[in-house]
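Below is one structure, written out as structure tokens; comments come after it.
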RNA sequence: GCCCCCGUAGCUCAGUGGAUAGAGCAACGGUUUCCUAAACCGCAGGUCGCAGGUUCGAGUCCUGCCGGGGGCGCCA
């Protein structure tokens, strides 16, 4: 429980943490010293349940129900709780006093961060995500890395950490010989205008086709790679142009998608080229490097190939060229030694797992990744079509991200037009943008990232179920209440939750910081999604059962305050996911 | 052949070693002169892939199998 490396400060307003903190010293003393986790958990039978008596009784060799009774009778929780009762084999069911909930809610409502406080021990977190390839179209395959990475950036920042975004674009390597030659063949002007329109796919494919057809082109391409790598100025100008056209295009996609990536975050493979010889020298000096089939390799223990032989990480090919293992190692060094990273997240597809494990293992063996610095592969699964196979367009090609996003906005616009015709064209366009893009992002973020998920327009854009439109709608309804409240000149006041529905909503609101902590510990934005969905459900249930503006006096002002806090939590939570919450829809 | 990931309701998915495994969708039955019904309430739906093991307690941890996906030397 005590963890000085915790990513999120334990909230003083979290009733679960409060119970835990009260019980810990008492239990520890009862156990004769040593840390004891009270194991406070959500419960179906009460506001919370304490399970800690069972393992401790086992340890002390006493009866768990007796120990649970002892805990209850210790009086540690008396001022917080309305009821404490021992149940089953030794659980303690906790019912918080209404006054406890009121008090904590008031504190959270007065806090602009809703109880989510900046870490007192901020870490330097490098997050590697998106990583499209220069001269190639961004397709649905880049969606997950970009969206998940963006959410993590926002969450780590909110928790008070120093976040460094790194967009490791594919801007170097063998294909650039053919791309530059193709650019020259087309003439710079033509190519420039073609790429400017975002028609990157056909450019790349044309170059590729020429490469496989013409030996003369292959030869030129190979020579061009050599020129590029040797720093030939004329070649570099052309390369620069290709990269600039692509990154300008990426920026338009990022803007449409509403992610934080900007040019300053670009850190493509080319940036690590100058660092590779030194990386190799350091590996050499470490004594880890050996030679295998003419290539320079390192054998991290525990990895085997098809034949059961040790599997090498190849850091220099037989031909003398470096590859992505070398570049990834240089990258680790750069992030730790130049940027001062103590946590590195790689938001990269699951198939890269073994490669990354090997890179991390070698970096550790070489002493580049000391104690206290960690690298985490934030892996994710595929986006599937309704046929459960990789999502493809009708023609069987990968789906362009821009096409996907504009279809999302179109569909959202049609839905808004049908359901709220009173919005002006401009309002509708803005709202459709938030709903459409939000729906795509939420669909991606709301399931465990490591699994594949099925991409389905109707489901993600539905206004009910676990979707962003449902959450956005809950938020918009609250905003509507406040527009009306302003007209009527009423405002929120002191919080006092009484009805079961508002009490349940209030208790859930207090869990916001803890759920962000939970999501961060496992780099799992879907945990935040689940929380927000439950919040929206609890709100709509409250909204049905507890009249707000139609009540009066203290009840009305209290309910308005609960509404306000709910709206702020929904908006902030969606914000951490990179999703906007419109005030009307 | 070896390694990794996944397998939970008809469908899409949650589930921190804790009580009777939960939502949503679809289906069925209700609710609106009332703050956005784009909603809510109710009802039903399960051999948690299978078999062992550890544990006071296993969907969760361990082992083996079955099914699906992915990876396994010089592309990135």
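Every read-out reported here was derived from the displayed coordinates using simple, explicitly stated rules and does not represent laboratory data. Here the structure is a predicted model, which means the values were calculated and not measured. Using ideal geometry, Cβ is built from the backbone for each residue, glycine included, and neighbour counts are taken over all protein chains shown.
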Discussion item. Percent of Cα-Cα pairs more than 15 Å apart in the stretch A:127-177, please.
Written reply: 52 percent
Practice prompt. Convert 37 °C to kelvin, take the viscosity as 0.692 mPa s, use the Kirkwood radius over C-alpha pairs of the stretch A:435-510 as Rh, and evaluate the Stokes-Einstein diffusion coefficient in µm²/s, rounded to a whole number.
Written response: 218 µm²/s
Worksheet entry | Alpha-carbon centroids, the stretch A:200-236 and the stretch A:282-318: separation in whole Å | 30 Å
Worksheet item: Relative to the longest principal Cα axis of chain A, at what angle does helix A:353-365 sit, 0 to 90 degrees, rounded to 10?
Response: 90 degrees
Worksheet item: Dividing the alpha-carbon Rg of chain A by 2.2 N^0.38 Å yields what?
Response: 1.14
Response to the item:
Here the relative contact order (percent) of the stretch A:408-576, from C-alpha pairs under 8 Å and at least 6 apart, is 24 percent
Worksheet entry | Nitroxide proxy distance, nm - points 7 Å out along Cα→Cβ at residue A:286 and residue A:452 | 3.6 nm
Practice prompt. Quantify how much of the Cα-Cα distance distribution of the stretch A:175-259 extends past 15 Å, in percent.
Written response: 58 percent
Worksheet item: What is the packing order of peptides A:107-119, A:565-577, taking the mean over residues of other C-beta atoms within 10 Å and listing the highest first?
Response: A:565-577, A:107-119
Discussion item. Using helices alone, I'd like the mean residue ellipticity at 222 nm for chain A: each DSSP H run of four-plus residues gives -39500 (n - 2.57), total over residue count, nearest 500.
Written reply: -16500 deg cm²/dmol
Practice prompt. Would you mind checking the tilt of helix A:200-213 against the longest principal axis of the Cα atoms of chain A, expressed as 0 to 90 degrees and rounded to 10?
Written response: 40 degrees
Discussion item. As an exercise, take the mean of 1/r over every pair of distinct alpha carbons in the stretch A:37-158, invert it, and state the Kirkwood radius in angstroms.
Written reply: 18.7 Å
Discussion item. To test your reading of the geometry: what angle, between 0 and 90 degrees and rounded to tens, separates the Cα axis of helix A:525-545 from the longest principal axis of chain A?
Written reply: 40 degrees
Worksheet entry | the stretch A:122-271, Cα convex hull volume normalised per residue, Å³ | 104 Å³
Practice prompt. Estimate the FRET efficiency between residue A:407 and residue A:63 by the formula 1/(1 + (r/R0)^6), using the beta-carbon distance for r and 60 Å for R0, to the nearest 0.05.
Written response: 0.45
Worksheet item: Under the Kirkwood approximation for Rh and a Cα-based Rg, what ratio Rg/Rh is obtained for the stretch A:45-107?
Response: 1.05
Worksheet item: Taking 0.36 nm per intervening residue step and subtracting the Cα-Cα distance, what contour gain separates residue A:521 from residue A:226 on full extension?
Response: 101.7 nm
Worksheet item: Using alpha-carbon pairs under 8 Å, 6+ residues apart, how would you state the relative contact order of the stretch A:295-340 in percent?
Response: 30 percent
Discussion item. On a full-extension model of 0.36 nm per residue, what is the gain between residue A:395 and residue A:29, subtracting their alpha-carbon distance, rounded to one decimal in nm?
Written reply: 124.9 nm
Discussion item. Can you give me the Rg/Rh ratio for the stretch A:500-585, using Cα atoms for both radii and the Kirkwood formula for Rh?
Written reply: 1.01
Discussion item. Using 10 Å bins from zero, what percent of all Cα-Cα pairs in the stretch A:243-389 falls into each bin?
Written reply: 10, 33, 34, 18, 6, 0
Worksheet item: So what is the relative contact order of chain A, in percent, for Cα pairs below 8 Å that sit 6 or more residues apart?
Response: 15 percent
Worksheet item: Once the piece of chain linking residue A:113 and residue A:425 is laid out straight, how much longer is it, given 0.36 nm per residue of separation minus the C-alpha distance between them?
Response: 108.9 nm
Item to complete: Based on alpha-carbon positions alone, could you give the equivalent ellipsoid semi-axes of the stretch A:321-435 from the gyration tensor, as √(5λ), descending, whole Å?
Response: 43, 20, 12
Worksheet, complete the sentence: So the FRET efficiency between residue A:504 and residue A:162, C-beta based with R0 = 25 Å and rounded to 0.05, is 0.10
Discussion item. What's the ranking of A:414-426, A:380-392 by average number of surrounding C-beta atoms within 10 Å, highest first?
Written reply: A:380-392, A:414-426
Fill in: Taking only Cα atoms of the stretch A:408-576, radius of gyration then Dmax in Å
16.8, 51
